[in-house]
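Visitor: Okay, handing you the structure first.
Derivation of every value follows stated rules applied to the coordinates shown; laboratory data play no part. Remember, it's a predicted structure, so these values are computed and weren't measured experimentally. Neighbour counts run over all protein chains shown; Cβ positions are idealised from the backbone, glycine included.
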Amino acid sequence: MRKPKLSDEDYPTTGHEWDGIREYDKPMPRWWLWTFYATILFALVYVVFYPAIPLVNGATPGVLGWSTRADLAAEVEAVSLRNADIDQRLLDTPIGDLGADPDLTRYATAGGAAVFRTYCSQCHGAGAQGAKGYPNLQDDDWLWGGDLEAIVLTLKHGIRDDGDDDTRFSQMPAFGDILETGEIDALTQYVLSLSGQDHDADLAAAGPVLFEENCASCHGETGLGEREQGAPNLTDAIWLFGGDAETIGHTITFSRYGMMPAWNTRISEAQIKQVAFYVHQLGGGE
Amino acid sequence: MTDQITEPPRLFEAREPVFPQRISGWYRRLKWRIMLGTLAIYYLTPWIRWDRGANLPDQAVLIDLAHARFYFFWIEIWPHEFYVVAGLLIMAGLGLFLFTAALGRVWCGYACPQTVWTDLFILVERWVEGDRNARIRLLRSPWTLRTARLRATKWTLWLLIALATGGAWVFYFADAPTLLADLVTFRAPFVAYATIGVLTATTFVFGGFLREQVCTYMCPWPRIQAAMMDEDSLTVAYRDWRGEPRGKKHENTSGDCIDCMACVNVCPQGIDIRDGQQVECITCALCIDACDTMMEKIGKPRGLIDYVALSDEPLERAGHPPRSIWSHVLRLRNFIYFGLWTGIGAMLVVALFIRSDFSLAVTPDRNPQFVKLSDGTIRNAYTLKINNQTGFARDFHISIKTDEPLRVDLEGTAELNVTVPPDGVLNTRVYIFAKPEFEANRAETTPVRFWVEERAEAGARTHADTVFTGDTQ
């Protein structure tokens, strides 16, 4: 027998009514109630097994001991395990031969980019474009050499890093203490002429002799620079601190130099290789 | 009239079991055919093979998530062409609007997977346990060995269907024969088993036990459809002006309805269509078959329960014949839906036909925008992405078109030829150099057009526009 059904008119309503449309107060299906209990049960089980209740210095750990940190550590572990083979190949391959192997090229470039963004971009810029006083690594002008071996050497031991015995030092004297103001002006105009910029020819006339006496030992007689000393080429279009008369005069008077830390104690051999390869392939490598 | 309720309504109530009775008729036959067709499409499609050459999968319909490819017979869709899928979804939506406006809940009644699988499960149930009365008896009687055997048989059959349903789903996402072999040898990925498990469970529960409750409590579509329908939409209805007052034949009532309950007994939703349109009704039309059968038996005209448009009710009450079905279907609203639907369909077809099987995208380096070299030359770097949407490797030549003869090279080599792997993307960096004597060296930007040309004879080509950034300092 069917249960006698209430007609729609007699069915109880919630009392809500909009434009003559009434809302029935019909019972919910019972299984719905069960799903509600099931969610409560789920919550209880969850509290037991997973971190849940906040405490002063953390939360209840749950019997599984699960944490996102541990997940991350496991993922990192898995990645390094997966990369173990290619890491070994990277270490075994001389850096000059990396380019011949497409897998290693890709691995070194991508890994080097990550290393560069983490450790190098603070000074050299995210795109390796450098900044005033920090060399641009994309161009074809290198203070200490731009082939792969030279870049690796610079990375390992840094430049002017007191903490590394094999670092390379050089320092330009502050010529404000040595030369007269007029002499510095003359040198400035002469240096401008070296790179073909507009200059005062009368002032520059006294330049060659001063340059020969004070600058040529590092920058070379023609101003082409000297990589053994990290002395910049003064005849090209690239300037570390700026190439206008005022900046050049300031540099001669007070001297300037930068410092790069040695990385062999901070990042792995493989990472140095990767980042050297990455920097080399940015467009300026020799 | 019923008694007034004195106690407050209960908050929860057990489901009232529904035992749809077997019925035959025009709509039942139509539904069998649709069930056969839709199930066949669902179960068999992944097994259709389609030869695409050595480098591409030979499954006609394949959603390759790992490689971000969608294959549909001769069409291959890459992620950047996802607008095609979006268009298909919009068409599906408009199609539902169109069908709902014209034919009411025809989707619910005939084609919805919930309806089709429930129908199939009820078929199994009826085959194992007997028709309506037998099933009611079985439920009412205490459990015996026979009950247990029948239940076990039914649930096993349901479970097998559910397993096949969940199993068929995963074949759309991997090469079906390979995956089947992996599945039975327990070498398939965990996600495949998990997907099958979840879909098997939902099919089993939704088709076997929840049935009409999915439509009534879970599905949002009945509510939306109520807004899509109007008084010209054809829907299953009871002609109460003809049927009432109802009563047994000997009760000497004037209405055609003999209150035989046939329409209620066949209803898979457990409702009485004579109460009028209601949200539970999926318009499966089985009550039409039931009532027509009964009307023929008692020698009354068919159509006491029928597809009716509400706007015809006053006409029929006044004794006039209803307007023709076509006058309801062919109305402005449906033409607009149909126009939008075909318009988007036509656009998609055109888009598919005119799309190129390779493409070029150029991204200029923006950090830094340019690099000054020691001789004053300005260098810009660009990342070129060349898509090859065919199943074979192709050779392309890269060139640039600029007002001045700027030098271009490909990461240090002047050789500007590249090979793009089959069904792949080539990423390559290209440099353009502007010597100090060129205007581009100092101009803020100079337009550059990259050309990529197929090196084979009668090669196709495509281009992308970008700019060269100079040093204005």
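Visitor: Based on a Kirkwood Rh over C-alpha pairs, give the Stokes-Einstein translational diffusion coefficient of the protein assembly as shown at 4 °C and viscosity 1.567 mPa s in µm²/s.
Guide: Values: Rh = 34.7 Å.
Diffusion coefficient, whole number: 37 µm²/s.
Visitor: Additional query: By how many degrees, 0 to 90 and rounded to 10, does the Cα axis of helix B:113-129 deviate from the longest principal axis of chain B?
Guide: 40
Visitor: Tell me, Kirkwood radius of segment A:16-121 from alpha-carbon pair distances, in Å?
Guide: Values: mean 1/r = 0.0496 Å⁻¹.
Its Kirkwood hydrodynamic radius stands at 20.2 Å.
Visitor: Any of B:K372/B:K401; B:K385/B:K435; B:K401/B:K435; A:K26/B:K297; B:K154/B:K300; B:K31/B:K300 with alpha carbons more than 28 Å apart? Name them for me.
Guide: Values: B:K372/B:K401 22 Å; B:K385/B:K435 26 Å; B:K401/B:K435 16 Å; A:K26/B:K297 38 Å; B:K154/B:K300 39 Å; B:K31/B:K300 25 Å.
Over 28 Å Cα-Cα: A:K26/B:K297; B:K154/B:K300.
Visitor: Using 0.36 nm times the number of residues separating B:A86 and B:I48, minus their current alpha carbon distance, what extension gain do you get?
Guide: Value of the extension gain: 11.2 nm.
Visitor: So what is the relative contact order of chain A, in percent, for Cα pairs below 8 Å that sit 6 or more residues apart? Intermediate values should be presented prior to the final figure.
Guide: On the way: 355 pairs, mean separation 61.2, N = 286.
Reported as a whole number, the value is 21 percent.
Visitor: How about segment B:95-189: which chymotrypsin sites (Phe, Trp or Tyr not before Pro) there lie in a loop by DSSP and see at most 11 other Cβ atoms within 10 Å?
Guide: Values: sites: B:F97, B:F99, B:W107, B:Y110, B:W117, B:F121, B:W127, B:W143, B:W155, B:W158, B:W169, B:F171, B:Y172, B:F173, B:F186; in loops: B:W143, B:Y172, B:F173, B:F186.
Answer in residue order: B:W143, B:F186.
Visitor: Related question: May I ask for the angle, rounded to the nearest 10°, between helix A:245-254 and the longest principal axis of chain A, with both axes built from Cα atoms and the value confined to 0 to 90°?
Guide: The helix A:245-254 is inclined about 80 degrees to chain A.
Visitor: Over all directions, how big on average is the projection of the convex hull of the alpha-carbon atoms in segment B:233-334, in square nanometres? It would help to have the intermediate numbers written out before the result.
Guide: Numbers: hull surface 27.7 nm².
So the mean shadow area of the Cα hull is 6.9 nm².
Visitor: If you don't mind, there's one more thing I want to ask. Most exposed first by the Cβ proxy, i.e. fewest other Cβ within 10 Å, how do B:C281, A:C215 rank?
Guide: Numbers: B:C281 24, A:C215 21.
The fewest-first ordering by Cβ neighbours comes to A:C215, B:C281.
Visitor: Please give the helix B:26-44 orientation as an angle from the longest Cα principal axis of chain B, in degrees from 0 to 90, rounded to the nearest 10.
Guide: 30
Visitor: Kirkwood Rh, Cα Rg: Rg to Rh for chain B? Can you show the working numbers first?
Guide: On the way: Rg = 32.6 Å, Rh = 28.2 Å.
Radius of gyration over Kirkwood radius for chain B works out to 1.16.
Visitor: Once label points are set 7 Å from the Cα along Cα→Cβ at both B:A318 and A:A206, what is their separation, rounded to one decimal in nm?
Guide: Inter-label distance under the simple model: 11.7 nm.
Visitor: Another question, then. State, to one decimal in nm², a quarter of the convex hull surface area for the C-alpha atoms of chain A, i.e. the direction-averaged projected area.
Guide: Numbers: hull surface 135.4 nm².
Convex hull of Cα atoms, orientation-averaged projection: 33.8 nm².
Visitor: Translational D (Stokes-Einstein, µm²/s) of segment B:26-226 at 20 °C and 1.002 mPa s when Rh comes from the Kirkwood sum over C-alpha pairs?
Guide: Details: Rh = 19.5 Å.
Roughly 110 µm²/s, to the nearest whole number.
Visitor: Let me ask another. Pick out, in residue order, every one of the GluC sites (Glu not before Pro) in segment B:207-311 that is DSSP loop and has at most 13 other C-beta atoms within 10 Å; say none if there are none.
Guide: Values: sites: B:E212, B:E231, B:E251, B:E280, B:E296; in loops: B:E231, B:E280.
Passing sites in segment B:207-311 are B:E231.
Visitor: A further question follows. What distance in nm lies between label points placed 7 Å from Cα along the C-beta direction at B:D375 and A:S80?
Guide: Computed distance between label sites B:D375 and A:S80 equals 4.7 nm.
Visitor: Using alpha carbon centroids, what distance separates segment A:207-271 and segment A:126-174, in Å?
Guide: 11
Visitor: Distance in nm between label sites at B:A134 and B:V467, each 7 Å beyond Cα in the beta-carbon direction?
Guide: Reported label-point gap for B:A134 and B:V467 is 8.1 nm.
Visitor: Still on this model: Going through segment B:235-341, which trypsin sites (Lys or Arg not before Pro) have at most 11 other Cβ atoms within 10 Å and a DSSP loop state? Walk me through the intermediate numbers first.
Guide: Working: sites: B:R239, B:R242, B:R246, B:K248, B:K249, B:R274, B:K297, B:R302, B:R317, B:R323, B:R331, B:R333; in loops: B:R239, B:R246, B:K248, B:R302, B:R323, B:R331.
In loop regions of segment B:235-341 (DSSP not H, G, I, E or B), the sparsely surrounded trypsin sites (Lys or Arg not before Pro) are B:K248.
Visitor: Could you give the distance between the Cα centres of segment B:289-336 and segment B:98-153, to the whole Å?
Guide: With segment B:289-336 and segment B:98-153 each reduced to a Cα centre, they are spaced 28 Å.
Visitor: Using the crude model of +1 on Lys and Arg Cβ and -1 on Asp and Glu Cβ, and no other charge, please compute the dipole size for chain B relative to its Cα centre, in debye to 20.
Guide: Working: 50 positive and 52 negative charges, 388 e Å.
Rounded to the nearest 20 debye, it is 1860 debye.
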